[in-house]
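Worksheet for the structure shown next.
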Amino acid sequence: MPTIVFDSHTFAKHLRATGFTEEQDEVIVDASRDALSPLVTNEDLKIILSKKYWHACQKCKLNQHFNSLGIRGLE
């Protein structure tokens, strides 16, 4: 699974350069890291969607097979 890289050191340096104290930038960096951790990447979405598509195709094929046998398909 791909990883999102968060350069907290550079981010903290930028905050300090724009007037934040070290204590403030630590809080902001920690909050930003926590907020970024649950993000889903494009690659994650591709994997999830391809699995859902595969399952939908399999269900459709089963329904067609059941219908050809005169059996009520999956709902």
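Values quoted throughout were computed directly from the atomic coordinates according to the rules given, and no laboratory measurement underlies them. All values reported here derive from a predicted model rather than from experimental measurement. Glycine gets a Cβ as well: all are built from the backbone with ideal geometry, and neighbour counts include every protein chain shown.
All conditions in (1) farther than 30 Å from K13 by Cβ; (2) surrounded by fewer than 12 Cβ atoms within 10 Å (Cβ to Cβ) hold for N63, with the sole exception of (2). All told, E43 meets the bar of being assigned to a helix (DSSP H, G or I) and touching a residue at least 40 places away in the same chain (Cβ under 8 Å).
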